[in-house]
Amino acid sequence: MLPVKKFTDFIEQNNLFTQGSKILAAVSGGMDSVIMVHLLKSAGFNFGIAHCNFQLRDDESTGDEQFCYQLAQQLDVPFHNISFDTLAYAADEKVSTQMAARTLRYQWFEQVRQQADYSIIALAHHQNDAIETILLNLTRGTGIAGLHGILPKNGLLVRPLLFLTRDEILTLVNRLQLPYREDSSNASVKYARNKIRLEVIPALKQLNPGLEKTFDNNLKHFRELELLLNERVDKLKQQLFVAHANEIRVPLEDLRVLKPQHLLLFNLLQDFGVNDTLIDDLISSLNKHSGRVFETTGFKLILDRTHLIITPKKNEKQPETLIALHDRHVDYGHYKLAILHDESPLIVKNNPMAVSTDADLLIYPLTLRPWKTGDHFTPLGMKGRKKVSDFFIDQKVPLHLKDEIPLIVNGNGDIVWVGGYRLNDQYKVTANTKKVTIFELANLNI
């Protein structure tokens, strides 16, 4: 007999679905998915069968599709099927055949789920699949999340067979004489998962005949440890992460005292694309390399003097923008520059985002641009010239913000104003000034 009670108990214990759920069962035709749909039928669940033909094994693939259609008819449930040109997709996307098949099937399962109003997608993974996944993850390198194996529930994907081993499933199909399809590619050790299934696990079972039970217990411990870690990390994020405009700031003094440092830092920053090597480099720099920048695919992590600053990576610097004599407003990145011409020598005070200049010294068109290596000017109140890069250091401008600061450049090449920071002393309003031009910046991100 089918273990229907154990099946329904596992579903209930893991809150996979209810008697009222409409379930889309992914069926390849192999013994695992055959047992799953017979259990679903015997337990009285409302379900349909979904089958993908990846066209990778010629007549075998066609036979699998026909078998699954007949199985759906036998069980009197809806049948959904599709054929993919998997090899062409893999070539177009430059991914492996296995990755292509995985992407195609999960995308299609979700489409069918939505179109036919299924509430959940059931997959026929069992305990041995979970063991294989852990061993694969350990071989390739993994964090603690890779040790929990295959979860019974992940969003709308459920795996109601995780209470059974492969040997138990084989015993069931043989005892009940249930027909199923055998995938010939399962016998090839050219695939890493097959090599683990056919060579590694049998060797481990010689050391521990109860391997599946041992791993099942280990998985429970790993999942509980992961829950504890995630809870700690969530609390740390609430305490340490401070959102500021389009960036996140984390106090360095708090990162220096984290224990265990590598584990917590990795999990705190994993959403920003970090890897173990980056975390090692970051830890070694926490006490000595202010200004160092770490880059991931989509983010920059900057070690400022007191904070780790995390900001989205920008594709390029803001392009130069010309300012004509008649312009009154100019847009520049997330800034808006207002320009006012006045016949009186008015001096703007107590507003770092606005500045008065001697209008007669300006040569149009002016240029609004980011700083460049070698730029220099004479900061207001000083006599000698100073490199803009050194000025930024003196002003403690965070490294990632330097490229965003707009410079107004005169027609003769002089930097008139480092926007929001300092006027060039040579362009200040004096007793001889007859008229002024006032520039005011507005940061649209604030």
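Residue pairs, Cβ under 7 Å, 6 or more apart or interchain, first in the stretch 133-148 and within 12 Å of Phe266 (Cβ to Cβ), second of a type in the set (Asp, Glu) and buried (at least 16 other Cβ atoms within 10 Å of the Cβ). List them.
Ile144/Glu226; Ala145/Glu226
Can you pull out every residue in the stretch 1-37 that is closer than 21 Å to Asp117 by Cα and either exposed (fewer than 15 other Cβ atoms within 10 Å of the Cβ) or modelled with pLDDT under 95 (or both)?
Asn15, Thr18, Gln19, Gly20
From Thr142, Thr86, Thr103, which residue is at pLDDT 90 or above, among the polar types (S, T, N, Q) and under 22 Å from the mean Cα position of the chain (by Cα)?
On inspection, the qualifying residue turns out to be Thr103.
Which one is surrounded by the most Cβ atoms within 10 Å (Cβ to Cβ) among residues in the stretch 269-298 that are closer than 22 Å to Thr142 by Cβ and of a type in the set (A, V, I, L, M, F, W, C)?
So, considering only residues that are closer than 22 Å to Thr142 by Cβ and of a type in the set (A, V, I, L, M, F, W, C), the one surrounded by the most Cβ atoms within 10 Å (Cβ to Cβ) is Leu269.
Of the residues that make up the stretch 310-326, is at least one within 22 Å of Arg422 (Cα to Cα), surrounded by 14 or more Cβ atoms within 10 Å (Cβ to Cβ) and of a type in the set (A, V, I, L, M, F, W, C)?
The answer is yes, given that some residue of the stretch 310-326 is within 22 Å of Arg422 (Cα to Cα), surrounded by 14 or more Cβ atoms within 10 Å (Cβ to Cβ) and of a type in the set (A, V, I, L, M, F, W, C).
Taking Leu40 as meeting all but one of (1) under 32 Å from the mean Cα position of the chain (by Cα); (2) buried (at least 16 other Cβ atoms within 10 Å of the Cβ), write down the number of the exception.
(1)
Report the residue count in the stretch 241-272 for those that are under 25 Å from Ile144 (Cβ atoms) and either at pLDDT below 90 or among the basic types (Lys, Arg) (or both).
2
I'd like the full set of residues that are assigned to a strand (DSSP E or B) and either of a type in the set (S, T, N, Q) or closer than 30 Å to Arg292 by Cβ (or both), limited to the stretch 310-354.
Scanning the stretch 310-354 gives Ile310, Thr311, Pro312, Thr321, Tyr332, Tyr335.
So that you can scan it fast, the table gives a plain yes or no per residue for (1) at pLDDT below 90; (2) in contact with an Asp or Glu (Cβ under 8 Å, 6 or more places away or on another chain); (3) farther than 22 Å from Phe266 by Cα; (4) part of a helix (DSSP H, G or I):
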{"site": "Ala203", "(1), (2), (3), (4)": "no, no, yes, yes"}
{"site": "Gln206", "(1), (2), (3), (4)": "no, no, yes, yes"}
{"site": "Pro209", "(1), (2), (3), (4)": "no, no, yes, no"}
{"site": "Lys213", "(1), (2), (3), (4)": "yes, no, yes, yes"}
{"site": "Asp216", "(1), (2), (3), (4)": "yes, no, yes, yes"}
{"site": "Phe222", "(1), (2), (3), (4)": "yes, no, no, yes"}
{"site": "Glu226", "(1), (2), (3), (4)": "yes, no, no, yes"}
{"site": "Arg232", "(1), (2), (3), (4)": "no, no, no, yes"}
{"site": "Lys235", "(1), (2), (3), (4)": "no, no, no, yes"}
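Of all residues in the stretch 414-435, which are of a type outside the set (Lys, Arg), farther than 18 Å from Val330 by Cα and not in a loop (DSSP other than H, G, I, E, B)?
Leu423, Asn424, Asp425, Gln426, Tyr427
Pairs needed: first member in the stretch 370-394, on the phi < 0 side of the Ramachandran plot; second member anywhere, small (Gly, Ala, Ser) and in a loop (DSSP other than H, G, I, E, B); C-beta distance under 9 Å; at least 6 residues apart or different chains.
Within 9 Å, the pairs are Pro370/Gly333; Thr378/Gly384; Lys387/Gly374; Val388/Gly374; Ser389/Gly374; Ile393/Gly291.
The values are calculated or read from the model by the stated rules, or taken from the named source; none is laboratory data. Since the structure is predicted, the reported quantities are computational estimates derived from the model, not experimental observations. Cβ coordinates were reconstructed from backbone atoms using ideal geometry, including for glycine residues, and neighbour counts include every protein chain displayed.
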